[in-house]
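The values are calculated or read from the model by the stated rules, or taken from the named source; none is laboratory data. If you're wondering where the values come from, they're calculated on a predicted model, not measured in any experiment. All Cβ positions, glycine included, derive from the backbone under ideal geometry; neighbour counts span all protein chains shown.
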Amino acid sequence: EAQVTQNPRYLITVTGKKLTVTCSQNMNHEYMSWYRQDPGLGLRQIYYSMNVEVTDKGDVPEGYKVSRKEKRNFPLILESPSPNQTSLYFCASSLAGQGNYGYTFGSGTRLTVV
Amino acid sequence: EDQVTQSPEALRLQEGESSSLNCSYTVSGLRGLFWYRQDPGKGPEFLFTLYSAGEEKEKERLKATLTKKESFLHITAPKPEDSATYLCAVQDQAGTALIFGKGTTLSVSS
């Protein structure tokens, strides 16, 4: 089944403790991206990657890092999480040309930083 | 600056009561307008892509239309299982991001 898999689904952590949220896709998509979703603010892009070793900032990159060493994986790293990073996070992927299929989203990671 | 505005924020319908959701957008060169459905606690699920004014697409009880400044998602004879948040998005000119509206939460009661 074509899908984007995120782990973990839920995570509660403490301020300053480094964490990684994993994202993997099995569709051979070139493009991958991370979004966060907050009430009243909607979905906002954090980082994106057009292909292996090519990453760039989205609208809200502060406090986050990413890497793209393999085509299928695009982990999101929070080096020193803070409470304002409490949010629902989504990973998405697509073919570079988009086409008629849009982005495929993962099921989400709900992160709470206390 | 690219911008997407959806209205209404929330919509309550009776089963079978047809209605429309609105998505107005400002973008410098439309590369595509997308509609997604999102159920609580889940990721957005792709519904449609529209590329040019006058284009229409249908899927079951849903029909999406596009003009030069807005898109409509028409819901015909909705059922309770159509209850969800519907998101509209446009692709930015660089093709590197989707710009999302804040969504319309639809509740259909039987």
Q. Looking at A:S67, A:S94, which one is more than 8 Å from chain B (Cβ to nearest Cβ), touching a Ser or Thr at 6+ places or on another chain (Cβ under 8 Å) and over 14 Å from A:V4 (Cβ atoms)?
A. A:S67
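Give the residue that is surrounded by the most Cβ atoms within 10 Å (Cβ to Cβ), with candidates limited to residues of the stretch B:26-46 that are in a strand (DSSP E or B) and at the interface with chain A (Cβ under 8 Å from one of its Cβ atoms). Spell out how you get there, then give the answer.
Restricting attention to the stretch B:26-46, the residues satisfying the condition of being in a strand (DSSP E or B) are B:26, B:33-38, B:45-46.
Narrowing the set further to residues that are at the interface with chain A (Cβ under 8 Å from one of its Cβ atoms) leaves B:34, B:36, B:45-46.
Working: B:F34: 27, B:Y36: 23, B:E45: 14, B:F46: 17.
If we take residues in the stretch B:26-46 being in a strand (DSSP E or B) and at the interface with chain A (Cβ under 8 Å from one of its Cβ atoms), then B:F34 is surrounded by the most Cβ atoms within 10 Å (Cβ to Cβ).
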Q: Write out, first by first residue and then by second, each pair whose Cβ atoms fall under 6 Å of each other, whose residues are 6+ apart or on separate chains, and whose first residue, in the stretch B:43-67, is of a type in the set (D, E, K, R) while the second is at pLDDT below 95.
A: B:K57/B:F48
Q) Looking at A:L41, A:L19, which is the one that is free of Cβ contacts under 8 Å to residues at least 12 places away in the same chain and either facing chain B (nearest Cβ under 9 Å) or over 24 Å from B:V4 (Cβ atoms) (or both)? A) A:L41
Q: Go through the stretch B:71-107 and count every residue that is surrounded by fewer than 21 Cβ atoms within 10 Å (Cβ to Cβ), assigned to a strand (DSSP E or B) and more than 10 Å from the chain's Cα centre (by Cα).
A: 3
Q) Out of curiosity, is A:V66 β-branched (V, I, T) and in contact with a strand residue (DSSP E or B) (Cβ under 8 Å, 6 or more places away or on another chain)? A) yes
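Tell me which residues, restricted to the stretch B:52-66, are surrounded by 12 or more Cβ atoms within 10 Å (Cβ to Cβ) and not in a strand (DSSP E or B).
The initial filter retains those residues of the stretch B:52-66 that are surrounded by 12 or more Cβ atoms within 10 Å (Cβ to Cβ), namely B:53, B:55-58, B:61-66.
Result: B:A53, B:E55, B:R61.
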Q | Matching residues, the stretch B:24-35, being in contact (Cβ under 8 Å) with a residue 60 or more places away in the chain and within 11 Å of the chain's Cα centre (by Cα) | A | B:F34
